[in-house]
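Below: one structure, written as structure tokens.
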Amino acid sequence: MRILVAVASRHGGTREIGSVIAGALLAAGHDVDELDPADVALIDPYDAVVLGSAVYNGRWLPEARELAERAATPLSHRPVWLFSSGLATQPASMANSPTEMRDLRERVAARAHRNFAGRLDRSVLSFAERTIIAAARGREGDHRDFVAVRAWGESIAQELGAELAAHAPL
Ligand SMILES: Cc1cc2nc3c(=O)[nH]c(=O)nc-3n(C[C@H](O)[C@H](O)[C@H](O)COP(=O)(O)O)c2cc1C
């Protein structure tokens with residue numbers, strides 16, 4: 001299958017999570033395109049889509065939200081998985097705005113949404129970002145669990161592989 005992994009990232013940490021998911025899908029024999037959501041022109045060439053974003057101030061980055069909006073119809077006609085990457089200290093249920101996530105899931109008829117802990121490197125943040133993060137008591141460091149990320153990618157590959165096998169001509 002041809003799979004799109006589209007990831008919105010401000011400081012690169014979430015993009016690397018997307019690359020590990022893409023790697024798991026590739027290893028399972030799928031064709032994978034990794035793109036920034038703003039660079040996705042067409043969904044039609046893809047059999048399935050993984051769409052992810054870093055969470056800033058409780059929301060997905062605009063380019064990921066915009067892709068979910070402008071491509072809602074084609075996305076809802078194929079298997080779609082969503083993931084978010086946020087603060088390690090934030091309970092998963094609090095990382096995203098619950099209403100925004102519910103709307104996004106419904107809009108693209110996503111099969112699942114997964115939250116992953118992210119990476120917080122104060123040295124690359126702007127002054128405004130540092131102020132926000134100090135108030136939120138964000139824990140500095142790389143909290144990404146690439147074993148869990150890869151396992152999630154493998155579970156997606158397995159699900160798609162099983163569906164492909166079920167529809168293969170005898
Ligand atoms: C200014 C700022 C606001 C943030 N807001 C949230 C938030 O509301 N919820 C959350 O879970 N994580 C939040 N984070 C943490 C980021 O989502 C996390 O550092 C993520 O790994 C960054 O991904 P990126 O490197 O792809 O941009 C925030 C980080 C910064 C710097």
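Being in contact with a helix residue (DSSP H, G or I) (Cβ under 6 Å, 6 or more places away or on another chain) and within 30 Å of LEU26 (Cα to Cα) holds for only one residue in ALA162, ALA151, ALA157, and it is ALA157. Within the range 98-146, the set of residues being among the charged types (D, E, K, R), within 15 Å of the chain's Cα centre (by Cα), surrounded by 16 or more Cβ atoms within 10 Å (Cβ to Cβ) and more than 8 Å from the ligand (Cβ to nearest atom) comprises ARG105, ARG114.
Specify the residue that is nearest to PRO62 (Cα to Cα); the eligible residues are those in the range 18-41 that are more than 14 Å from the ligand (Cβ to nearest atom) and β-branched (Val, Ile, Thr). Residue satisfying both the conditions and the ranking: VAL40. Among residues of the range 54-68 that are over 23 Å from HIS143 (Cβ atoms), those with a beta-carbon under 6 Å from a residue that is among the aliphatic types (A, V, I, L, M) and within 11 Å of the ligand (Cβ to nearest atom) at least six positions away or on a different chain give the pairs GLU63/ALA8. Taking the criterion of being at pLDDT below 90 and on the phi < 0 side of the Ramachandran plot, the residues of the range 132-160 that qualify are ILE132, ILE133, ALA134, ALA135, ALA136, GLY138, ARG139, GLU140. For beta carbons closer than 8 Å, sequence separation of 6+ or different chains, a first residue in the range 4-17 that is more than 21 Å from PRO79 (Cα to Cα) and near the ligand (Cβ under 8 Å from one of its atoms) and a second that is among the aromatic types (Phe, Trp, Tyr) and modelled with pLDDT under 95, the qualifying pairs are ARG10/TYR56.
Does at least one position in the range 131-147 carry a residue that is free of Cβ contacts under 8 Å to residues at least 12 places away in the same chain and within 27 Å of LEU25 (Cα to Cα)? Scanning the range 131-147, I find at least one residue that is free of Cβ contacts under 8 Å to residues at least 12 places away in the same chain and within 27 Å of LEU25 (Cα to Cα), so the answer is yes. Looking only at residues that are of a type in the set (S, T, N, Q) and outside any strand (DSSP E or B) in the range 1-59, which one is surrounded by the most Cβ atoms within 10 Å (Cβ to Cβ)? The qualifying residue surrounded by the most Cβ atoms within 10 Å (Cβ to Cβ) is THR14.
The values are calculated or read from the model by the stated rules, or taken from the named source; none is laboratory data. Every value quoted in this text rests on a predicted model; they were computed, and no experiment measured them. Because the Cβ atoms are built from the backbone with ideal geometry, glycine has one as well, and the counts that use them run over all protein chains shown.
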